[in-house]
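Trainee: A single structure is presented below for examination.
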Amino acid sequence: MSNYHIKHLEEYYKVYRKSVREPEVFWEEIAEEHFSWHKKWDKVLEWDFKKPEIKWYQGAKLNITENCIDRHLRTKGDKVAILFEPNNPEEEAQHITYHQLHERVNKFANVLKNEGIKKGDRVCIYLPMIPELAVSLLACARIGAIHSVVFAGFSATALSTRINDSDCKVVITSDGSFRGNKTIDLKGIVDEALEDCPGVHSVLVVNRIDSEITMKEGRDKLLQPLLDNASSHCEPEIMDAEDPLFILYTSGSTGKPKGMVHTTAGYMVYTAYTFKNVFNYKDDDIYWCTADIGWITGHSYIVYGPLANGATTVMFEGVPSHPDYGRFWEVVEKHKITQFYTAPTAIRALAKEKLEYIDKYDLSSLKVLGSVGEPINEEAWHWYNDNIGKKKSPIVDTWWQTETGGILISPIPYVTPTIPTYATLPLPGIQPCLMDENGEEIKGKQVDGRLCIKYPWPSIARTIWGNHQRYKETYFSTYENNYFTGDGALRDTVGYYRITGRVDDVIIVSGHNLGTAPIEDAINEHPAVAESAIVGFPHDVKGNALYGYVILKETGEGRLHENLRKEINQMITEHIGPIAKLDKIQFTPGLPKTRSGKIMRRILRKIACNETDNLGDTSTLLNPEVVQTIIDNSF
Ligand code: WT7
């Protein structure tokens with residue numbers, strides 16, 4: 001018998017030890033007992049971090065939608081699978097049962113088939129947080145198509161880059177979206193993006209906001225009439241364990257986003273197992289994760305993990321501030337939410353508002369609170385614990401990444417004693433280690449270093465779409481035989497991990513992972529800009545904000561710097577999206593460079609953080625004199 005649900009600390013240690021000693025037995029038992037397979041695997045794990053190559057449950061045959069939907073029908077057909085809470089609180093919530101979800105996914109899958117989509121084809125999904133978003137992921141998975149969801153806050157340029165990188169044939173979108181009291185013209189953005197995407201032959205459009213849109217003849221189709229005419233029976237495509245399930249882009253240290261490829265069986269097993277344990281999920285719970293399905297958090301812990309457990313998962317279309325700052329708590333009371341999973345940036349934003357917004361509502365249904373996306377600072381942790389959890393709901397500070405597919409380090413609620421700012425212990429199957437700058441493992445307690453994982457877990461991304469070499473270089477070359485996370489961490493005396501933040505050129509702004517290179521590339525497109533460098537600095541709500549140092553081509557008199565600042569941010573909005581806008585832009589005659597021409601970001605970071613007392617050695621710079629000029633003109 002596997003220990004699918006860990007209930008006390010001693011059991012955690014026992015299970016953890018087993019998962020390290022006999023990883024294959026451990027993951028085999030879980031896969032065997034909790035999922036349905038058309039054929040079992042021949043081999044649980046085959047791996048080589050040098051190549052790198054990782055294969056879980058090789059030889060197994062399955063379809064993930066049968067595990068997420070069909071197998072629940074007999075016992076839970078009338079249970080709510082997806083609970084949709086619209087942007088407008090006056091609009092009625094939708095309760096979609098497992099039976100209804102089954103029908104909707106089957107119909108949608110048939111529509112995709114009729115569009116000529118078959119196993120292995122890529123489908124781009126650019127939708128707001130409406131039920132069709134979850135349904136479209138599952139419809140792709142039903143027929144073995146690979147979904148590539150692009151967060152609907154990304155710009156047309158970002159969208160077209162992603163569509164082209166993975167050669168998507170179809171785009172699923174909506175006329176527009178509601179966000180707070182605004183509407184966004186998503187179809188307009190898709191139209192603009194598709195000017196650069198010759199490979200897309202059809203666009204399926206959901207009607208969400210009833211706006212006037214232009215439909216391109218032969219390419220664009222309204223989804224609803226197609227669904228109405230589609231059969232509600234679609235035989236699931238039988239997939240190999242290692243067939244790709246989806247691609248999800250994440251930013252990296254070069255301009256091009258990385259299309260992380262997740263495969264079927266291992267991803268399913270790991271997200272389901274971690275969902276059960278990290279959220280202490282029980283049958284009658286109503287689980288709410290506030291993330292967008294456009295990010296990995298939504299894929300793994302709104303859609304696949306919860307549905308694989310037959311859970312009720314909430315999808316929220318709106319924002320925490322609309323119609324007022326009580327919205328989250330109103331929804332918690334209304335739907336009697338038991339698990340609430342959100343990001344530190346949202347917690348910090350809400351903590352600035354009056355407590356009356358909370359006190360109006362009954363939050364007594366809550367049992368577990370979650371945090372994800374960036375380190376949660378002590379103040380925010382306590383605010384969350386005191387005011388939302390009323391000191392009764394454990395907080396799970398879940399550390400993971402797009403690349404890891406599921407949560408790797410996290411407390412197990414009611415099992416692991418929590419400490420603010422600590423993600424605490426590795427989940428079963430996860431073998432973290434800390435490395436020093438020379439590539440040696442740092443053993444022992446009360447140490448810090450660069451966080452790596454020594455051994456594969458089932459939901460690790462298998463490659464970068466179309467670029468296995470980049471996958472190898474980014475994750476497996478810094479420390480031989482280890483997966484390098486890009487994060488720094490410390491390990492305390494009891495073996496708890498505390499994540500200290502990125503050690504590379506990625507900056508986490510409001511929980512969004514932003515590479516500096518793509519932003520710099522966008523700025524440099526501005527005709528007046530010669531060169532730029534972006535660094536992060538602390539921000540009380542966003543966690544980090546962006547500070548840009550920009551060299552202009554001409555520093556002539558009377559240049560309208562304020563206008564230029566606006567134009568630079570406009571450039572970023574067009575190329576990436578508003579999430580990557582800069583808070584501060586400093587024009588500078590030069591940037592500190594090493595003799596080999598590399599920008600010394602360490603110095604720029606210190607200046608942006610106002611830590612200029614201790615800049616370290618600047619004598620090796622090519623242009624040490626520029627440092628003082630930058631300090632003198634900094635914000
Ligand atoms: C990076 C990954 C995982 C889903 C959302 C983000 C940071 C994430 C935590 C946490 C400290 C965290 C790391 C990581 N991060 N969770 N609990 N504590 N840092 O996915 O966009 O791929 O970003 O987010 O720096 O490497 P992502």
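The values are calculated or read from the model by the stated rules, or taken from the named source; none is laboratory data. In this text the structure is predicted, and so the values were computed from the model without any measurement. Cβ sites come from the backbone with ideal geometry, for glycine too, and all protein chains shown count toward neighbours. Surface accessibility is based on the protein's heavy atoms, side chains included, excluding ligands, DNA and RNA. Shrake-Rupley method; radii C 1.70, N 1.55, O 1.52, S 1.80 Å.
Trainee: Looking at the stretch 266-342, which trypsin sites (Lys or Arg not before Pro) are DSSP coil and have at most 10 other C-beta atoms within 10 Å of their C-beta? Could the numbers behind the result be given before it?
Mentor: Details: sites: LYS276, LYS282, ARG327, LYS334, LYS336; in loops: LYS282, LYS336.
Taking the stretch 266-342 and a limit of 10 other Cβ atoms within 10 Å, no loop trypsin sites (Lys or Arg not before Pro) are found.
Trainee: Hey, another quick one. Over the stretch 1-121, what lengths in whole Å, largest first, do the semi-axes of the equivalent ellipsoid take, defined as the square roots of 5 times the eigenvalues of the alpha-carbon gyration tensor?
Mentor: On the way: eigenvalues 229, 108, 44 Å².
Values for the stretch 1-121, descending: 34, 23, 15 Å.
Trainee: Moving to a separate point now. Can you give the % of DSSP beta bridges in the chain that are antiparallel, to the nearest 5?
Mentor: Details: 58 of 98 bridges.
DSSP beta bridges in the chain are roughly 60 percent antiparallel.
Trainee: Under the rule of at least 5 residues apart or a separate chain, name every residue whose amide H is placed under 5 Å from the amide H of ARG179.
Mentor: ILE184
Trainee: Can you work out ³J(HN,Hα) from phi for every residue in the stretch 501-507, in order, using Karplus 6.51 cos²θ - 1.76 cosθ + 1.60 and θ = phi - 60°, giving whole Hz and x for Gly and Pro?
Mentor: x, 5, 10, 10, 8, 10, 10
Trainee: Moving to a separate point now. According to a simple spin-label model (label point 7 Å from Cα along Cα-to-Cβ), what is the distance in nm between LYS51 and GLU22?
Mentor: Placing both labels 7 Å along Cα→Cβ, they lie 2.7 nm apart.
Trainee: Still on this structure, I have one more. Stick to Cα atoms and the Kirkwood definition of Rh, then tell me Rg/Rh for the chain.
Mentor: Details: Rg = 24.2 Å, Rh = 25.4 Å.
Result for the chain is an Rg/Rh of 0.95.
Trainee: Have a look at ALA141, SER211, ILE163 and report the one farthest towards the positive end of the charge dipole of the chain, computed about the Cα centre with Cβ charges (Lys/Arg +1, Asp/Glu -1).
Mentor: Working it through, the farthest residue towards the positive pole turns out to be ALA141.
Trainee: Suppose R0 equals 51 Å. What FRET efficiency, 1/(1 + (r/R0)^6) with r the Cβ-Cβ distance, do GLN628 and LYS391 give to the nearest 0.05? Mind showing how you got there, number by number?
Mentor: Working: r = 50 Å, r/R0 = 0.98.
Here the calculated transfer efficiency is 0.55.
Trainee: Output the pairs from LYS107/LYS221; LYS354/LYS392; LYS542/LYS598; LYS7/LYS542; LYS18/LYS454 with a Cα-Cα distance over 24 Å in this structure; if there are none, say none. Could you put the intermediate results ahead of the total?
Mentor: Working: LYS107/LYS221 16 Å; LYS354/LYS392 21 Å; LYS542/LYS598 28 Å; LYS7/LYS542 35 Å; LYS18/LYS454 16 Å.
From the list (LYS107/LYS221; LYS354/LYS392; LYS542/LYS598; LYS7/LYS542; LYS18/LYS454), the Cα-Cα distance tops 24 Å for LYS542/LYS598; LYS7/LYS542.
Trainee: Taking 2.2 N^0.38 Å as the expected size of a compact globular protein, what ratio does the Cα radius of gyration of the stretch 416-507 give against it, to two decimals? Can you show the working numbers first?
Mentor: Numbers: Rg = 13.7 Å, N = 92, 2.2 N^0.38 = 12.3 Å.
Cα Rg divided by the expected 2.2 N^0.38 Å: 1.12.
Trainee: Quantify, in whole percent, the carbon and sulfur part of the accessible surface of the stretch 506-632 (1.4 Å probe; protein heavy atoms only). Mind dumping the intermediate values first?
Mentor: Details: 2870 of 5960 Å².
Here carbon and sulfur together make up 48 percent of the probe-accessible area.
Trainee: State the extension gain, in nm to one decimal, for the chain segment bounded by ILE419 and THR594, taking 0.36 nm per residue of separation less the distance between their alpha-carbons.
Mentor: Numbers: separation 175, 0.36 × 175 = 63.00 nm, distance 4.10 nm.
Full extension of this stretch gives 58.9 nm more.
Trainee: Where does the stretch 484-635 land on Rg(C-alpha)/(2.2 N^0.38 Å)?
Mentor: The value comes to 1.10.
Trainee: Further, regarding this structure: HN-Hα J couplings of the stretch 359-376 from phi, Karplus 6.51/-1.76/1.60, θ = phi - 60°, integer Hz, Gly and Pro as x?
Mentor: Result, rounded to whole Hz: 5, 5, 10, 8, 9, 5, 6, 5, 10, 9, 10, x, 9, 7, x, 6, x, 9.
Trainee: Just to check I understand the Karplus step: with θ = phi - 60° and J = 6.51 cos²θ - 1.76 cosθ + 1.60, what whole-Hz values come out for the stretch 519-533, glycine and proline as x?
Mentor: Once θ is set to phi - 60°, the couplings for the stretch 519-533 become 6, 4, 4, 5, 4, 5, 6, 5, x, 8, 9, 8, 7, 8, 9 Hz.
Trainee: Right, here's the next one. Given R₀ = 60 Å, what would the calculated FRET efficiency be for THR493 paired with GLU212, taking r from the Cβ atoms and rounding to 0.05? If you can, show how the numbers build up before the last one.
Mentor: Values: r = 63 Å, r/R0 = 1.05.
The computed FRET efficiency comes out at 0.40.
Trainee: Still on this structure: Go through the stretch 490-556 and name the GluC sites (Glu not before Pro) that are in a DSSP coil and have 14 or fewer other Cβ atoms within 10 Å of their Cβ. Before the final figure, lay out each step's value.
Mentor: On the way: sites: GLU520, GLU525, GLU531, GLU554; in loops: GLU525, GLU554.
Hits after loop and neighbour filter: GLU525, GLU554.
Trainee: Here's a follow-up. Can you work out the accessible area per residue across the chain, with the rest of the protein chains kept in place, probe 1.4 Å, in square angstrom?
Mentor: Details: 24760 Å² over 635 residues.
Counting only protein heavy atoms, the per-residue value for the chain is 39 Å².
Trainee: Moving to a separate point now. Using the Cα centre as the reference, give the magnitude of the dipole from point charges on the C-beta atoms of the stretch 506-632 (Lys, Arg: +1; Asp, Glu: -1; all else neutral), rounded to the nearest 20 debye. Let's see the in-between values first.
Mentor: Values: 14 positive and 16 negative charges, 57 e Å.
Roughly 280 debye, rounded to the nearest 20.
Trainee: What FRET efficiency do you get for ASN88 and LEU560 if R0 is 35 Å and r is their Cβ-Cβ distance, rounded to the nearest 0.05?
Mentor: Numbers: r = 40 Å, r/R0 = 1.16.
So the FRET efficiency works out to roughly 0.30.
Trainee: In the neighborhood of SER532, defined by Cβ-to-Cβ distances under 10 Å, what is the net charge if each Lys or Arg adds +1 and each Asp or Glu adds -1? Please list the in-between numbers first.
Mentor: Values: positive: none; negative: GLU520, ASP521, GLU531.
Overall, the nearby charge balance is -3.
Trainee: Then there is this: How big is the dipole moment of the chain about its Cα centre under a simple scheme where the beta carbon of each Lys and Arg is +1, that of each Asp and Glu is -1, and everything else is neutral? Debye, nearest 20, please.
Mentor: Values: 71 positive and 86 negative charges, 227 e Å.
Rounded to the nearest 20 debye, it is 1100 debye.
Trainee: Charges at C-beta only: +1 for Lys and Arg, -1 for Asp and Glu. How large is the resulting dipole of the stretch 150-191 about its Cα centre, in Debye rounded to 20?
Mentor: Result for the stretch 150-191 is approximately 140 debye, rounded to the nearest 20.
Trainee: On to the next question. Tell me which GluC sites (Glu not before Pro) from the stretch 184-231 have a DSSP coil assignment and no more than 15 other beta carbons within 10 Å of their own. Kindly include the intermediate steps, with their values, before the conclusion.
Mentor: Numbers: sites: GLU192, GLU195, GLU212, GLU217; in loops: GLU195, GLU212, GLU217.
Hits after loop and neighbour filter: GLU195, GLU212, GLU217.
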